[in-house]
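Below is one structure, written out as structure tokens; comments come after it.
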Amino acid sequence: MRKNRRYWEASADAYQTQHGPQLSRLGRWGTWGIPERRVRALGDVRGLDVLEYGCGAAQWSIWLARQGARAVGMDLSAGQLAHARTLVARARVPVRLVQADAERAPFADRSFDLVMCDHGAMSFADPYRTVPEAARLLRPGGRLVFNIASAWHFVCWENETDRPSDRLQRPYFGMRRWDEETVDFQLPYGEWIRLFRRNGFAVEDLIELRPSPSARTTYPWFAPLAWARRFPAENIWAVRREG
């Protein structure tokens, strides 16, 4: 967690300069900016208490507030939250911003109806801590919805070319922690499902994102368009907290 905090504090300004234009197209998922109106992962958020779990500059929180949610954006990085404060003020929407560690969120039990993120805390914190924490934060019937890099992306990533390959590069079984510039986390699909079930979640959907043939991105290094059209580079888990 300390490594990730150092990385985001050092890179927040450059990150928002590079990716802000894409992220400002609000309500879009992942590195290819696929619209929520097409994905339909979140559903109707009007009147819901929603936590953006690793919010960066809070672009999703702003979109959520505009849809009628009571949005809270939480992030580990003060640098990212400085950008969030600027964007929230400019948008003139009621978004509460909190600096905190996603593995120990400073909220009471059952505070939220929806916990969501898009390459946020569920990518950069240990799922064996964040999934139980999300379960604690959610009311019965509440949902955890998050987008992360897919297992395909993880096992096909080729260090020599710094991009995903058409061939498997590392074992699928046993994957959990990927330590490079940042510390990222990934689990096999079955392990995700067992982790959800142990923490009182029922799986509603696994949405494997596929960009359109004409998609553009400010993250071309993540996965070339031709690769992401053939294999799912990202997927959204949608799970519901049982009563």
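The values are calculated or read from the model by the stated rules, or taken from the named source; none is laboratory data. Everything quoted here is computed from the prediction, not taken from an experiment. When we count neighbours, we look across all protein chains shown, and the Cβ atoms used for this are built from the backbone with ideal geometry, even at glycine.
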Task: Every residue from the range 1-54 that is of a type in the set (D, E, K, R) and assigned to a helix (DSSP H, G or I) - done: Arg2, Lys3, Arg5, Arg6, Glu9, Asp13, Glu36, Arg37, Arg38
Task: Those residues of the range 194-229 which are surrounded by 14 or more Cβ atoms within 10 Å (Cβ to Cβ), of a type in the set (Lys, Arg) and not in a helix (DSSP H, G or I), in sequence order - done: Arg210
Open item on the list: Looking at the range 35-72 only, could you name the residues that are surrounded by fewer than 18 Cβ atoms within 10 Å (Cβ to Cβ), closer than 28 Å to Ser214 by Cβ and among the small types (Gly, Ala, Ser)?
Closed with: Gly43
Open item on the list: I'd like the full set of residues that are part of a strand (DSSP E or B) and crowded, with 24+ Cβ neighbours inside 10 Å, limited to the range 115-141.
Closed with: Val115, Met116, Cys117, Asp118, Leu138
Task: the range 143-179, residues that are touching a residue at least 60 places away in the same chain (Cβ under 8 Å), farther than 20 Å from Gly120 by Cβ and touching a Cys at 6+ places or on another chain (Cβ under 7 Å) - done: Pro164
Task: So Val93, is it part of a loop (DSSP other than H, G, I, E, B), farther than 16 Å from Arg2 by Cα and among the aliphatic types (A, V, I, L, M) - done: yes
TODO: For the range 160-190, enumerate the residues that are closer than 16 Å to Pro224 by Cβ and polar (S, T, N, Q).
DONE: Thr161, Ser165, Gln169
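Here is a yes/no grid of residues against (1) in contact with a helix residue (DSSP H, G or I) (Cβ under 9 Å, 6 or more places away or on another chain); (2) not in a loop (DSSP other than H, G, I, E, B):
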| residue | (1), (2) |
| --- | --- |
| Val155 | no, yes |
| Asp166 | yes, no |
| Arg170 | yes, no |
| Asp184 | yes, yes |
| Trp192 | yes, yes |
Open item on the list: Just checking, does the range 126-139 include any residue being modelled with pLDDT of 95 or more and in contact with a His (Cβ under 8 Å, 6 or more places away or on another chain)?
Closed with: no
Open item on the list: Restricting to the range 1-29, count the residues that are among the small types (Gly, Ala, Ser) and touching a Phe, Trp or Tyr at 6+ places or on another chain (Cβ under 8 Å).
Closed with: 1
